[in-house]
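K.L.:
Dropping a structure here in structure tokens format, bear with me for questions.
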Amino acid sequence: HSDLKTKTEPEGSAEEAHANAERALAVFAELGDEAGLSHAWRTLVITFNMWGRAGDMERAARRALEHARRAGDERGEADSRGWICAALQNGWTPLPTVTVEREQALEWVRARGMLFSEPFALGAVMEMHAATGDFAAARVAETRLRAITDELGLRQLPFIDWEVGHVAVLAGDVTKAEERFRAAYDQFARRGDRSWLSTLTAELADVLYAQGRHDEAWALTRESEEKAASDDAVSQIVWRRVRAKVLARRGELDEAEALAGEAVALAEATDCPEWRADAHMDLAEVLLLAGRPEDAIGHVQEALGLYERKGNVVFAGRARKRLNELGTLTRTP
């Protein structure tokens, strides 16, 4: 399942991979090599994913799927289906619709006995059920996920631990989130990965910040910054927004606001609504810590609209709660 969970390494390799894939498309088209065309399109998918271009990612994944079908390449078709769903999950398609797509992809691989592909699809289904507030369905998916990984002897899959950690964040259990993120971190580190690790490290920093462990969070944002490629959109967004909150807690308010503003600008350059919403929520927190609740309100309203449009019920609820709190603060004489 290498295509589904491959991310280019820093620095500059995404642009190089993109250029090489475009050259390969021309060669494979001339040769009539359908499997080669599918692989080249999946390479483009990976670069679009890194850049936060979910719409381009989906279009490339659908082209990869088309060529895999023509080649009779079921492995390539499974990977392409997974990437289509990942693009939909990142982009503007509401989560309930994406969940249906993911479950259809899951049934497709099950029907073909592709057991190794199931955990990746189940992990995404689990996370989306949690985001829409259906934690019972998320637990069912996790139980099935654990059964399959035990059957296959795959007890160490960093992406699964990472997704379980995301579910814990949605459930408000930052202690469990830290535990799962650290398990994934250790596995990526043993592999010598830098690219996926840069994003995970920034997310781990965020759950430590949520526990009040600000110095540890700061150190991890430095590590994420060091590991992340300059065009790795999500890593660049997350480490900035987390560090901005730490700076605000330290009283370095001008630097905090500038950094949080950078995170918002980077997120707004993507077509990933939840990335945008998260950045707006953290800029609002920085402004609140600076004693400016009136300025924070607009950013929480923006985040709320994005979460609602995406169908993230849990985070929309948190944004709505924060909006009510800010309203109370601004009305207090």
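The values are calculated or read from the model by the stated rules, or taken from the named source; none is laboratory data. Model, not experiment: these values are computed from the prediction. Because the Cβ atoms are built from the backbone with ideal geometry, glycine has one as well, and the counts that use them run over all protein chains shown. Note: accessible area is taken over every heavy atom of the protein model, side chains too, but ligands, DNA and RNA are not part of it. Shrake-Rupley method; radii C 1.70, N 1.55, O 1.52, S 1.80 Å.
K.L.:
Quick check: at a probe of 1.4 Å, how many percent of the accessible area of the chain sits on carbon and sulfur atoms?
P.N.:
For the chain, the apolar C and S fraction of the accessible surface comes to 49 percent.
K.L.:
Okay, next question. Count of lysine pairs in the chain with Cα atoms under 27 Å apart, counting only pairs 8 or more residues apart in sequence or on different chains?
P.N.:
14
K.L.:
If I model a spin label as a point 7 Å beyond the Cα along the Cα-Cβ vector, how far apart are those points for Ala147 and Arg320 in nm?
P.N.:
Going by the 7 Å Cα→Cβ label model, 3.5 nm.
K.L.:
While we're here: Obtain the nm distance between the two label points defined at Gln211 and Ala290 by a simple spin-label model: each point lies 7 Å from its Cα along the Cα-to-C-beta direction.
P.N.:
Each label point is offset 7 Å from its Cα along the Cβ direction, giving 3.0 nm.
K.L.:
Let me ask you something else. Taking the Cα centre of the stretch 12-59 as the origin, how large is its charge dipole in debye, to the nearest 20, when only Lys and Arg (+1) and Asp and Glu (-1) carry charge on their Cβ atoms?
P.N.:
In debye, rounded to 20, the stretch 12-59 gives about 140.
K.L.:
Roughly how big is the stretch 77-151's charge dipole about its Cα centre, with Cβ charges of +1 (Lys, Arg) and -1 (Asp, Glu), in debye to the nearest 20?
P.N.:
Dipole of the stretch 77-151, to the nearest 20 debye: 40 debye.
K.L.:
Considering only protein heavy atoms, what per residue accessible area in square angstrom results for the stretch 68-168 with a 1.4 angstrom probe?
P.N.:
Per-residue accessible area for the stretch 68-168 comes out at 40 Å².
K.L.:
I've got another one for you. Accessible area per residue for the stretch 263-333 in Å², computed with a 1.4 Å probe and the full protein assembly in place, what is it? Could you put the intermediate results ahead of the total?
P.N.:
Numbers: 3230 Å² over 71 residues.
It amounts to 46 Å² per residue over the stretch 263-333.
K.L.:
Here is a follow-up. Taking the Cα centre of the chain as origin, work out the dipole magnitude from +1 charges on Lys and Arg Cβ and -1 charges on Asp and Glu Cβ, in debye rounded to 20.
P.N.:
It works out to roughly 760 debye.
K.L.:
Select one label from (i) 0.98; (ii) 1.11; (iii) 1.17: the one whose number is Rg/Rh (Cα atoms, Kirkwood Rh) as derived from the coordinates shown.
P.N.:
(i)
K.L.:
Using 0.36 nm times the number of residues separating Lys176 and Met114, minus their current alpha carbon distance, what extension gain do you get?
P.N.:
So the extension gain works out to 19.3 nm.
K.L.:
Turning to a different aspect of this structure: Arg23 label point, 7 Å along Cα→Cβ, cut-off 17 Å on backbone N: hits in the stretch 44-63?
P.N.:
What the label zone holds, given the 17 Å backbone N cut-off, is 44.
K.L.:
In addition: Tell me, what HN-Hα J-couplings in whole Hz come from the Karplus equation 6.51 cos²θ - 1.76 cosθ + 1.60 at θ = phi - 60° for each residue of the stretch 74-83, using x for Gly and Pro?
P.N.:
5, 4, x, 5, 4, 4, 5, 4, x, 5
K.L.:
When the Karplus curve 6.51 cos²θ - 1.76 cosθ + 1.60 is applied with θ = phi - 60°, which whole-Hz ³J(HN,Hα) does each residue of the stretch 252-261 get, with x for Gly and Pro?
P.N.:
With coefficients 6.51, -1.76 and 1.60, one gets 8, 6, 5, 5, 4, 5, 4, 5, 5, x Hz.
K.L.:
Hey, another quick one. Could you calculate the FRET efficiency of Glu66 with Ala137 from 1/(1 + (r/R0)^6), where r is the beta carbon distance between them and R0 is 30 Å, rounded to 0.05?
P.N.:
0.45
K.L.:
Which sequence of Met50, Met281 reflects their accessible areas, 1.4 Å probe, from the largest down?
P.N.:
Details: Met50 5, Met281 35 Å².
Largest to smallest exposure gives the sequence Met281, Met50.
K.L.:
What are the ³J(HN,Hα) values, in whole Hz, obtained from phi via the Karplus relation 6.51 cos²θ - 1.76 cosθ + 1.60 with θ = phi - 60°, for each residue of the stretch 264-276 in sequence order, with x given for Gly and Pro?
P.N.:
4, 4, 5, 5, 5, 7, 9, 10, 10, x, 6, 4, 5
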